[in-house]
Amino acid sequence: MDPSWGGSKVIQFNYDPIRTLSWPIQSGRVSFFWKGVLTCLPALRNCISHEVSSGKDTLFWKDGWLNGIAPMNLWPEEFYTCRRPNGTIHELGHLLDEVPCIDNDLIDQVRAKVRRPDNLLGDKKKWRLTGNEIFSVKTFYNFLIDGGLRCPVSRFFWRGGWPKKINLFNWLAWKNKILSLENLTVRRCNRLPTDTCVLCHAGSESCDHLFIDCSYTKQVWEHFIRLLHFPSAPTSLKDLWGHWRTGLANKKRIFGDLVAKAIVWNICLARNDCIFNDNVLHINSLILKIARMIMSWCSSVSEGLREKMEAT
Ligand SMILES: [Zn+2]
């Protein structure tokens, strides 16, 4: 790290190993944003290879300076018993003379470079995911999401002309990332006395309960399943976008997507209305509202998609 850079003091204060020992890591609530970012750190390290010169910018155990591999992955037992997991090669130079570093040509070269008294050159970092070895956010993002191929619903989820906010909300609900009372309680942010569902008062308000299992929601599902001759109600949000959807006839899937997204969105609005305005929407009013929304979406989608839907 360049010590003349303005941010170096901040990084040093927060992450310097000596300070970390004096100020133990907080065990209570931590920033979810930074917690998420820090989970990517091991993956980031694995995408960087290091060309050691003075050894002052390369972590001995965690950086990939042995043909792109980090010593902690080569010698895990030694790593777990080491005293300074975040020491640089320069600081932990004595380890280069100990087992398992002896009798290794590459380590011999590194040892010679690090111990050269006139060596003031910084270590070089190379980004392994690009041809020019320069870091780019795009390549790292693609690496983390594995091109999006592992997500089973991305193939169809974003298709259709439904409003983006409703698509996004359904996506978050499917991933159990919305602020249900259960999730708020886990984060210790629930301002209500309990996490009991406000629509039925008969269960904890998880995403699956709110959008599938709640007796209030079930009436809505049953109405549309009867009306549209769908086989049965989904048993969970995972089931909704998995087995339940694949169980629909091909020509009914687009309409099934539309109905499911409209139900989830409107149930959430009804639940918010109940919590924030103390207003319980009658089930028939909710069904009418959903039907009206579906019709307005149908009239705004592209010609081709409308023809497909009319064919169902
Ligand atoms: Zn409920």
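Can you confirm whether the stretch 86-93 contains a residue that is closer than 17 Å to Trp61 by Cα, of a type in the set (S, T, N, Q) and surrounded by 11 or more Cβ atoms within 10 Å (Cβ to Cβ)?
Yes: the stretch 86-93 contains one or more residues that are closer than 17 Å to Trp61 by Cα, of a type in the set (S, T, N, Q) and surrounded by 11 or more Cβ atoms within 10 Å (Cβ to Cβ).
Among the residues of the stretch 202-238, which ones are assigned to a loop (DSSP other than H, G, I, E, B) and either crowded, with 19+ Cβ neighbours inside 10 Å or within 7 Å of the ligand (Cβ to nearest atom) (or both)?
Ala202, Gly203, Glu205, Ser206, Cys214, Phe230, Pro234, listed by residue number.
Which of the following residues is more than 16 Å from the ligand (Cβ to nearest atom) and touching a Phe, Trp or Tyr at 6+ places or on another chain (Cβ under 6 Å): Val153, Val186?
Details: Val186 fails: touching a Phe, Trp or Tyr at 6+ places or on another chain (Cβ under 6 Å).
One residue alone meets the criteria, Val153.
Looking at the stretch 288-300, I want the residues that are assigned to a helix (DSSP H, G or I) and have a partner that is among the basic types (Lys, Arg) with Cβ atoms under 7 Å, at least 6 apart or on another chain. Which pairs are those?
Cys298/Arg306
Looking at Leu129, Leu168, Leu106, can you tell me which residue is part of a helix (DSSP H, G or I), in contact (Cβ under 8 Å) with a residue 24 or more places away in the chain and out of contact with any Gly (no Cβ under 6 Å at 6 or more places or on another chain)?
Leu106
For residues in the stretch 43-55 being under 22 Å from Asn132 (Cα atoms) and of a type outside the set (A, V, I, L, M, F, W, C), which is surrounded by the fewest Cβ atoms within 10 Å (Cβ to Cβ)?
Among them, the one singled out is Glu51.
Looking at the stretch 134-146 only, could you name the residues that are at pLDDT 85 or above, out of contact with any Ser or Thr (no Cβ under 8 Å at 6 or more places or on another chain) and either closer than 16 Å to Asn46 by Cβ or part of a loop (DSSP other than H, G, I, E, B) (or both)? Break it down stepwise before answering.
Going residue by residue through the stretch 134-146, those that are at pLDDT 85 or above are 134-144.
Then drop every residue that is not out of contact with any Ser or Thr (no Cβ under 8 Å at 6 or more places or on another chain), which leaves 134-135, 137-138, 140-144.
Listed by number, the residues that qualify are Ile134, Phe135, Phe140, Tyr141, Asn142, Phe143, Leu144.
Considering each residue of the stretch 244-280, count those that are of a type in the set (A, V, I, L, M, F, W, C) and over 19 Å from Asp208 (Cα atoms), and give that number.
Pass one, the stretch 244-280, residues of a type in the set (A, V, I, L, M, F, W, C): 244, 248-249, 254-255, 258-260, 262-265, 267-270, 274-276, 280.
Keeping just the survivors that are over 19 Å from Asp208 (Cα atoms) gives 248-249, 254-255, 276, 280.
Of the residues in the stretch 244-280, 6 are of a type in the set (A, V, I, L, M, F, W, C) and over 19 Å from Asp208 (Cα atoms).
Would you say Val99 is more than 30 Å from Lys238 (Cα to Cα) and either in contact (Cβ under 8 Å) with a residue 12 or more places away in the chain or surrounded by 14 or more Cβ atoms within 10 Å (Cβ to Cβ) (or both)?
Values: more than 30 Å from Lys238 (Cα to Cα): yes; either in contact (Cβ under 8 Å) with a residue 12 or more places away in the chain or surrounded by 14 or more Cβ atoms within 10 Å (Cβ to Cβ) (or both): no.
No: the conditions fail for Val99.
Residues that are in a helix (DSSP H, G or I) and closer than 30 Å to Asn279 by Cβ: does the stretch 147-163 have at least one?
no
The values are calculated or read from the model by the stated rules, or taken from the named source; none is laboratory data. Here the structure is a predicted model, which is why all the values come from computation and not from measurement. Using ideal geometry, Cβ is built from the backbone for each residue, glycine included, and neighbour counts are taken over all protein chains shown.
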